[in-house]
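Let me begin by presenting the structure, written as structure tokens, before commenting on it.
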Amino acid sequence: MRRWLLTALAVAICTASAFAGYQHVRSNGDGWREIAWPFPRDGWPAGRAFRCDTAACGGEVELYVRPKIGFCNCDSGVADDDEVDRVADLDLISERFVPLEPGKVVRLAEMPGRVRTYDLRMPDGSQNSAVGIAVSRRCDLLVAVAQGKGSMPGLQHLALDFLASNNVTQWMTDALDGR
């Protein structure tokens, strides 16, 4: 009985501390809302997932973002498109993705990196558009991928604008700081 009580107390403390450190990204009435992280566990902690409704974004768009601490080249950061292909978590959505064009330099939350557009063949055979984003700070990486059926320029614009919003930028900075 005593062991069970100690175990329950330990679980309650750990759960409470996890919720205390979790900063909710509020919707600004811009159509975005937070959803559950839809992917199975892998070598990295789960990230944050968001969905923008059709009325606000011209089609349903989902965006997934997470830090990868200690996973970036400390000297060069996100150096090329091959790195975006490897790290941007596109393979969590579908292993069948094809880059559409060379990536572009991007700066997000004061972090330099690259953004690249893709075609995704979904497991059900349908075709989606995707944008992979990888930015770095020191030796840490922050990756994001947005996917939907909308046009590529529109999808990239929506993703970058949402990631540049104050609440999300603050969360990204806190996540890389281990908060």
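Just so you know, all these numbers are worked out from the coordinates, no wet-lab data involved. Since we're looking at a predicted model, the values are computed, not measured. Positions of Cβ are backbone-derived with ideal geometry, glycine not excepted, and every protein chain shown enters the neighbour counts.
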(request) Output ³J(HN,Hα) for the range 32-38: one whole-Hz value per residue in order, computed from phi by the Karplus curve 6.51 cos²θ - 1.76 cosθ + 1.60 with θ = phi - 60°, and x for Gly and Pro. (result) 8, 9, 7, 10, 5, 4, x
(request) Based solely on C-alpha atoms, express the radius of gyration and the Dmax of the range 127-179 in angstrom. (result) 12.4, 37
(request) Quote the FRET efficiency, to the nearest 0.05, computed for Glu95 versus Asp75 with a Förster distance R0 of 22 Å and r equal to the Cβ-Cβ distance. (result) 0.15
(message) Counting only Cα atoms, I'd like the Rg/Rh figure for the range 48-174, Kirkwood definition for Rh.
(response) 0.95
(message) With only alpha-carbon pairs counted, each pair once and no self-pairs, how large is the Kirkwood hydrodynamic radius of the range 90-131 in angstroms?
(response) 11.3 Å
(message) Explain nothing, just the number: dipole magnitude of the range 31-97 about its Cα centre with +1 on each Lys and Arg Cβ and -1 on each Asp and Glu Cβ, in debye rounded to the nearest 20.
(response) 420 debye
(message) What distance in nm separates the two pseudo spin-label positions at Ala36 and Asp82, each 7 Å out from Cα along the beta-carbon direction?
(response) 3.9 nm
(request) Take peptides 130-136, 34-40 and line them up by average Cβ neighbours within 10 Å, highest first, as a rough protection proxy. (result) 130-136, 34-40
